1. From the phi of every residue in segment 35-47, what ³J(HN,Hα) in whole Hz does the Karplus formula 6.51 cos²θ - 1.76 cosθ + 1.60 yield, where θ is phi - 60° and glycine or proline is x?
2. I'd like the Karplus ³J(HN,Hα) series for segment 23-33: coefficients 6.51, -1.76, 1.60, θ = phi - 60°, whole numbers in Hz, and an x wherever there's a Gly or Pro.
3. Could you pull out every one of the lysines with an alpha carbon less than 20 Å from that of K35, ignoring same-chain neighbours closer than 8 positions?
4. Would you kindly derive the ³J(HN,Hα) couplings of segment 51-67 from the backbone phi angles with the Karplus curve 6.51 cos²θ - 1.76 cosθ + 1.60 (θ = phi - 60°), listing them in order in whole Hz, with x for Gly and Pro?
5. Quickly estimate the mean residue ellipticity at 222 nm for the chain, helices only: each DSSP H run with n ≥ 4 gives -39500 (n - 2.57), and the total goes over all residues, rounded to 500.
6. Give me the dipole magnitude in Debye, nearest 20, for the chain about the Cα centre, with unit charges on the beta carbon: positive for Lys and Arg, negative for Asp and Glu.
7. In the full protein assembly as shown, how much of S30 is accessible to a 1.4 Å probe, in Å² to the nearest 10?
8. Could you rank K22, K56 by how accessible they are, 1.4 Å probe, largest area first?
Amino acid sequence: MVKKYDGSIEYYQVAYTVNDEKTLNREISSLLKIKDANPKYLLTLDYDNSIIDGIKKINVIDWLLSN
């Protein structure tokens, strides 16, 4: 969890890769348990950016360059 300077909250999970379905399920399981509407992100070195059950899966390099 990150609390930003403006008081907003974002949730982050970081994994090297989640190409394996078992690994993906493990990495997003904690984020899926969070029931608030704050943004949730899964940062990986995988090249695909997608949304999985409301969780934004983003390549960490793309994320670093955009922030």
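1. With the stated coefficients, segment 35-47 comes to 9, 7, 9, 6, x, 10, 10, 10, 9, 9, 8, 5, 8 Hz.
2. 5, 4, 4, 5, 6, 8, 4, 5, 5, 5, 6
3. K3, K4, K56, K57
4. Per residue, the Karplus-derived 3J(HN,Hα) values read 10, 10, 6, x, 9, 7, 8, 10, 5, 4, 5, 4, 5, 5, 6, 8, 10 Hz.
5. Counting only the DSSP helices, I get -8000 deg cm²/dmol.
6. Roughly 280 debye, rounded to the nearest 20.
7. Rounded to the nearest 10, the figure is 60 Å².
8. On the way: K22 160, K56 90 Å².
The ranking, largest first, comes out as K22, K56.
The values are calculated or read from the model by the stated rules, or taken from the named source; none is laboratory data. Since this is a predicted model, take the numbers as computed values, not measurements. Counting neighbours? That spans all protein chains shown, and the Cβs are built from the backbone with ideal geometry, glycine included. Side chains are part of the model used for accessible areas, which takes the heavy atoms of the whole protein and leaves out ligands, DNA and RNA. Shrake-Rupley method; radii C 1.70, N 1.55, O 1.52, S 1.80 Å.
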